[in-house]
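For reference, the structure is listed below as structure tokens.
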Amino acid sequence: MKGKQVGVIGGGQLAWMMAAEASKLGIELIVQTPSQEDPAVSRANDVVYGNIDDAITTAKLAQMCDIVTFENEFIDLEALQQLAQTGVCFRPSLDSLTPLLDKYDQRNYLQKINVPTPKFGLYSSPENIVANYGFPVVLKARRHGYDGQGTFIIKDIEGLNKLAAKIPIQELLIEEFVPFERELGIIAARNELGAIAVYPVTETFQKNQVCHWTITPADVTEEVETKVKAIARTIMEKLNVIGVFGIEFFLTKDNRVLVNEIAPRTHNSGHYTLDGCHTSQFAMQLQAVTGMSLGSTELKSAGALIVNLLGFEESDSDYQEKRDREASRRHRILEISNSLVHWYGKSSRPGRKLGHVTVILNKEELTQAKSIIEQIESIWYGNK
Ligand code: ADP
């Protein structure tokens, strides 16, 4: 089999989850990551240490494997293009990634291929906001944003002035604030033969721009489901993707579906696939990039939810004491039936994604998904 050794740029929890799937598929996974503390280090077959955007480290990685794939898009594309010219096989290809890495370029690309997105532009002036967007309005860093870092929802001129005092807002992407009804996500895969597999549509819930939970399948009409899946297929086809992408959407009250963002890799909205589906998004990425046939995207049961376990919103407690509390809460969560906890082994920081809980749902439990989420969140965040 080609691709017995796969290199991954990025060593966070996504690569950590991919590493477990790699060993099941008989693939050796080698990660490029900056720190020994990064989650995937403990599970990878080998590690090359270096920053994500350090192409010299990627050149070393490439020497150790047949194929290089991504768990993180904060790469130096130009430097990697030089490596591609020397024969390094990137999957997805760098051409597939080029229109996506900058959020403004990504919006332009989506517009070009007729995929609906929020109205957008580049920030120019307060007058332009008033004339073309109104408040609230959303400003976003064009690159390197994650978990809402770099996304600013601005309520009024005063908020705009405060932001301008902190960062250079001239360089930001500006877009209309979408008063969405819900947020949705989907994971899609494509292999080199052009076969596409899409997973069920997921409802995602973000608070302060950070994902707190997901429920799959999302309770949406067939029409919405069809639209989301059609958009996912269009994106995968037009970009000639070989790999797995996560796509996030806004669903409006009048059932319009707008793409918020394409992540050119596995995604938090697809974590449920690890325990919930026949083929996880992590196995799927490995299968797609190594030329294997794509697996089944079907759920194993009626549904699945996940709740992210974020670092407690406090920073003053003793490290060990905090670890003990986290461990005991994890045990209490495991008492919920059909729950599984994935703990990434990262050091704790307020708001940081430390792990997630999956709960597999039967048909009757699907209607109780939100109360199960509440129960988990009250165990995790309650009685600080
Ligand atoms: P990141 O790339 O850091 O995940 P996103 O751009 O996806 O940031 O934004 C994070 C969250 O912020 C979204 O999931 C959504 O809840 C909110 N958000 C982002 N853009 C908009 C928008 N145009 N209108 C309303 N809410 C938005």
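The values are calculated or read from the model by the stated rules, or taken from the named source; none is laboratory data. Worth saying up front: this structure is predicted, and the values here are computed from it rather than measured. FYI the Cβ positions are ideal-geometry reconstructions off the backbone, even for glycines, and counts take in every protein chain you see. Ligands, DNA and RNA are excluded from the accessible area calculation, which covers all protein heavy atoms including side chains. Shrake-Rupley method; radii C 1.70, N 1.55, O 1.52, S 1.80 Å.
Which residue is nearest to N191 (Cα to Cα), if the candidates are limited to region 208-217 and must be within 16 Å of the ligand (Cβ to nearest atom) and open to solvent by 30 Å² or more (accessible area, probe 1.4 Å)?
The extreme case among them is Q209.
I373 passes every criterion in (1) touching a Gly at 6+ places or on another chain (Cβ under 9 Å); (2) in a helix (DSSP H, G or I) apart from (1). Applying the criterion of being within 16 Å of the ligand (Cβ to nearest atom) and open to solvent by 70 Å² or more (accessible area, probe 1.4 Å) to the residues of region 218-264, the residue that is nearest to the chain's Cα centre (by Cα) is R256. The residues in region 199-224 that are under 24 Å from Q287 (Cβ atoms) and free of Cβ contacts under 8 Å to residues at least 60 places away in the same chain can be counted, and the count is 1. Identify, please: which residue in region 40-50 is out of contact with any Lys or Arg (no Cβ under 8 Å at 6 or more places or on another chain) and in a loop (DSSP other than H, G, I, E, B) and is, among those, least open to solvent (accessible area, probe 1.4 Å)? Looking at the filtered set, the residue picked out is A44. The set of residues in region 269-280 being crowded, with 24+ Cβ neighbours inside 10 Å, in contact with an Asp or Glu (Cβ under 9 Å, 6 or more places away or on another chain) and part of a helix (DSSP H, G or I) consists of S269 alone.
Just need a number here: residues in region 127-147 that are in contact with a helix residue (DSSP H, G or I) (Cβ under 6 Å, 6 or more places away or on another chain) and within 16 Å of F177 (Cβ to Cβ). Total satisfying the criteria: 2.
Number of residues in region 13-28 that are touching a residue at least 60 places away in the same chain (Cβ under 8 Å), in contact with a strand residue (DSSP E or B) (Cβ under 8 Å, 6 or more places away or on another chain) and open to solvent by less than 20 Å² (accessible area, probe 1.4 Å): the value is 4. Based on what the data block shows, is V115 farther than 30 Å from S348 by Cβ, touching a residue at least 24 places away in the same chain (Cβ under 8 Å) and either out of contact with any helix residue (DSSP H, G or I) (no Cβ under 6 Å at 6 or more places or on another chain) or not acidic (D, E) (or both)? It is true that V115 is farther than 30 Å from S348 by Cβ, touching a residue at least 24 places away in the same chain (Cβ under 8 Å) and either out of contact with any helix residue (DSSP H, G or I) (no Cβ under 6 Å at 6 or more places or on another chain) or not acidic (D, E) (or both). Please specify each residue of region 171-192 satisfying the condition of being outside any loop (DSSP other than H, G, I, E, B), more than 17 Å from L139 (Cβ to Cβ) and either free of Cβ contacts under 8 Å to residues at least 12 places away in the same chain or within 16 Å of the ligand (Cβ to nearest atom) (or both). Those that are outside any loop (DSSP other than H, G, I, E, B), more than 17 Å from L139 (Cβ to Cβ) and either free of Cβ contacts under 8 Å to residues at least 12 places away in the same chain or within 16 Å of the ligand (Cβ to nearest atom) (or both): R182, E183, L184, G185, I186, I187. For the criterion of being without any contact (Cβ under 8 Å) to a residue 12 or more places away in the chain, surrounded by fewer than 23 Cβ atoms within 10 Å (Cβ to Cβ) and among the small types (G, A, S), A195 fails.
Quick check, is Q32 open to solvent by 20 Å² or more (accessible area, probe 1.4 Å), touching a residue at least 12 places away in the same chain (Cβ under 8 Å) and not hydrophobic (A, V, I, L, M, F, W, C)?
So Q32 fails the test.
Is at least one residue of region 161-170 near the ligand (Cβ under 9 Å from one of its atoms), outside any helix (DSSP H, G or I) and open to solvent by 70 Å² or more (accessible area, probe 1.4 Å)?
For region 161-170, residues near the ligand (Cβ under 9 Å from one of its atoms), outside any helix (DSSP H, G or I) and open to solvent by 70 Å² or more (accessible area, probe 1.4 Å): absent.
When you look at R349, is it in a loop (DSSP other than H, G, I, E, B) and not β-branched (V, I, T), yes or no?
For R349, the condition - in a loop (DSSP other than H, G, I, E, B) and not β-branched (V, I, T) - is met.
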